[in-house]
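Heads up: the structure comes next, in structure tokens.
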Amino acid sequence: MTQHARNYINGEWTDSPRRTESLNPSTGEVLGTFADAGADEARAAIAAARAAFETTDWARDRNLRAKALFEMADHLEARREEFITLLARENGKILGEAAFEIDLTIPKLRYYASLALSDHGSAGEVRPGLYSMTLREAAGVAGVIAPWNSPVVLAVRSFAPALAAGCTVVLKLPGQTGLVNGLIGELVAQTENLPAGVMNVFTESGNEGAPLLISSPDVDVVSYTGSTVVGRTIMANAAPTLKPLSLELGGKSPMLVFDDADLDAVVPVLTKAITTFTGQFCMTGSRILAQRGIADELRRRMIASLEAVKVGPGDDPASEMGPMIDERNAQRVENVVTEAAASAKILVKGARDRAFLAPSLVEVEDLNAPIVQQEVFGPVATFEVFDTEADAVTRANATEFGLAASIWTRDVDRPLRIQREIKAGTVWTNTWAVVHDMFEEGGFKQSGMGRLNGVRGLEEFQETKHFVHAAPRA
């Protein structure tokens, strides 16, 4: 065992009675252990965040908040290689994907550091001597629940705007990335401009602490990234306290490829859309919709491309796709493909070896088929054929999800015609998975509520106060 990761609560490192091993999904090797938290740690973290919000100047000192976020970005940049290496070993990402995650995260911290220095209110004299103002104030304590598939960037995507807004934070991280979580805690501990209790980090593999973040009256707002099923549970459990929620949930992203698309450009991107993060990604391009005129050629090319993907350990530079997070999930996804054969045609069936699972492609006509309607969360895509634009839109909108979609065409007018008809929070043209810190993203329908990134991402952690002042004339 190479190391032990602890929780960071109220400015101190804390252990837990339960220690859990962290495994390399590529080899099964024990990488270390982590303090596996539960209800006690969650309560302590909530109490620390509450006290810090009520007793420090954090919520009102925007310069301090900016300094802290800039400082954290500098620490992450200095430890970039350490994070990349551990992500590849513990999470299973290939090295390029691990580097991509960290390189997305550093500017995100700096963006919200800058945004902490700005304000967004309004004021006016509504009639002589009567003034109205709207002020943006920190909501209070923010509970952030981040997933294991991209733990660094998805944690920062929520807690950076929360801190910039003036909230104090309790960050709950998953057991699958216990050692990476420890590095996140170290970033917090290194940041001298963060007062004790402002940022608290704990890891749990069970389900004791997270529900407390949802139900506690001392937590004022919750940001969750994960499955739609869990998102519904969070909404139900948050109802008694009526706390605001920001939920980015599941996806089933359709990739619409029209007859005039440049297939030389399409095929490599669609292959990456299926295999990036081993398909364990809310924006995975899990539905390929091909117009009939190019369907045969696109099918042929995609079969060849997916069959050529080199699956291997995350820290092997030759790997083009790493393992799934564990063998249990690889077996689950393999079963999904096997079961789909009853009502669909298996074009490519990815072989499995422990947690390694090669990509699969399944041709399907029935929009009600489970493999179309359910998020697989693995390297699997369906192949569907359509005739007209209207047909493409109908198919694109046929699931309960609405996180993202992609349109591939040389026709400059077509995307403008149909992007408004596609019920998704992000629609790309001739590209995929491109997001920017200053532009909001989020889901339609069952893919979530609220928005992340941009000014709106910060406002998710604020309340608006209307202040009225009467100034009688002398």
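The values are calculated or read from the model by the stated rules, or taken from the named source; none is laboratory data. Nothing here was measured: the structure is a model prediction, and the numbers come from that model. Positions of Cβ are generated from backbone atoms using ideal geometry, with glycine treated the same way; all protein chains shown enter the neighbour counts. Accessible surface is based on the protein model in full, side chains and every heavy atom, while ligands, DNA and RNA are left aside. Shrake-Rupley method; radii C 1.70, N 1.55, O 1.52, S 1.80 Å.
Tabulated data for the structure shown
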item: Inter-residue pairs, beta-carbon under 6 Å, first within 13 Å of Gly448 (Cβ to Cβ) and in segment 225-247, second modelled with pLDDT of 95 or more and assigned to a helix (DSSP H, G or I), 6+ apart; result: Thr225/Leu154; Ile234/Ile214; Leu245/Ala238; Leu247/Gly231
item: Wholly enclosed strands (runs of 3 or more DSSP E) of segment 362-474 bearing at least 1 residues open to solvent by 70 Å² or more (accessible area, probe 1.4 Å) and over 30 Å from Val170 (Cβ atoms); result: 462-470
item: Inter-residue pairs, beta-carbon under 8 Å, first assigned to a strand (DSSP E or B) and in segment 337-358, second open to solvent by 80 Å² or more (accessible area, probe 1.4 Å) and modelled with pLDDT of 95 or more, 6+ apart; result: Val348/Glu307
item: Boolean, Gly129 is over 19 Å from Ala210 (Cα atoms) and either buried (at least 20 other Cβ atoms within 10 Å of the Cβ) or touching a strand residue (DSSP E or B) at 6+ places or on another chain (Cβ under 7 Å) (or both); result: yes
item: Some residue of segment 383-405 being touching a strand residue (DSSP E or B) at 6+ places or on another chain (Cβ under 7 Å) and among the hydroxyl-bearing types (Ser, Thr, Tyr); result: no
item: Flag for Glu54 being surrounded by fewer than 18 Cβ atoms within 10 Å (Cβ to Cβ) and over 24 Å from Gly322 (Cα atoms); result: yes
item: Residues located in segment 248-269, provided they are more than 30 Å from Glu208 (Cα to Cα) and touching a residue at least 60 places away in the same chain (Cβ under 8 Å); result: Ser253, Pro254, Met255, Leu256, Val257, Phe258, Asp260, Ala261, Asp262, Ala265, Val266, Val269
item: Residue that is farthest from the chain's Cα centre (by Cα), among those in segment 100-117 that are over 14 Å from Asp437 (Cβ atoms) and open to solvent by 20 Å² or more (accessible area, probe 1.4 Å); result: Leu117
item: Given (1) assigned to a loop (DSSP other than H, G, I, E, B); (2) within 22 Å of Phe34 (Cα to Cα); (3) touching a helix residue (DSSP H, G or I) at 6+ places or on another chain (Cβ under 7 Å); (4) not acidic (Asp, Glu), number of the condition Leu194 does not satisfy; result: (2)
item: Residue match in segment 142-151 (condition: crowded, with 23+ Cβ neighbours inside 10 Å, at pLDDT 95 or above and more than 25 Å from Glu208 (Cα to Cα)); result: no
item: Meets criteria (assigned to a strand (DSSP E or B) and surrounded by 24 or more Cβ atoms within 10 Å (Cβ to Cβ)) for Lys93; result: no
item: Scan of segment 47-72 for residues that are in contact with a helix residue (DSSP H, G or I) (Cβ under 7 Å, 6 or more places away or on another chain), part of a helix (DSSP H, G or I) and not small (Gly, Ala, Ser), ordered by number; result: Arg65, Leu69, Phe70, Met72
item: Hey, Leu194 of a type in the set (A, V, I, L, M, F, W, C) and either out of contact with any strand residue (DSSP E or B) (no Cβ under 8 Å at 6 or more places or on another chain) or within 19 Å of Arg43 (Cα to Cα) (or both) or not; result: yes
item: Test for Leu86: is it in contact (Cβ under 8 Å) with a residue 24 or more places away in the chain and in a strand (DSSP E or B); result: no
item: Residue in segment 10-22 that is assigned to a strand (DSSP E or B), open to solvent by 30 Å² or more (accessible area, probe 1.4 Å) and under 24 Å from Leu109 (Cβ atoms) present; result: yes
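Quick grid of which residues meet (1) among the aliphatic types (A, V, I, L, M); (2) modelled with pLDDT of 95 or more; (3) in contact with a strand residue (DSSP E or B) (Cβ under 9 Å, 6 or more places away or on another chain):
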| position | (1), (2), (3) |
| --- | --- |
| Asp315 | no, yes, no |
| Ser319 | no, yes, yes |
| Pro323 | no, yes, yes |
| Glu327 | no, yes, yes |
| Thr338 | no, yes, yes |
| Lys349 | no, yes, yes |
| Leu361 | yes, yes, yes |
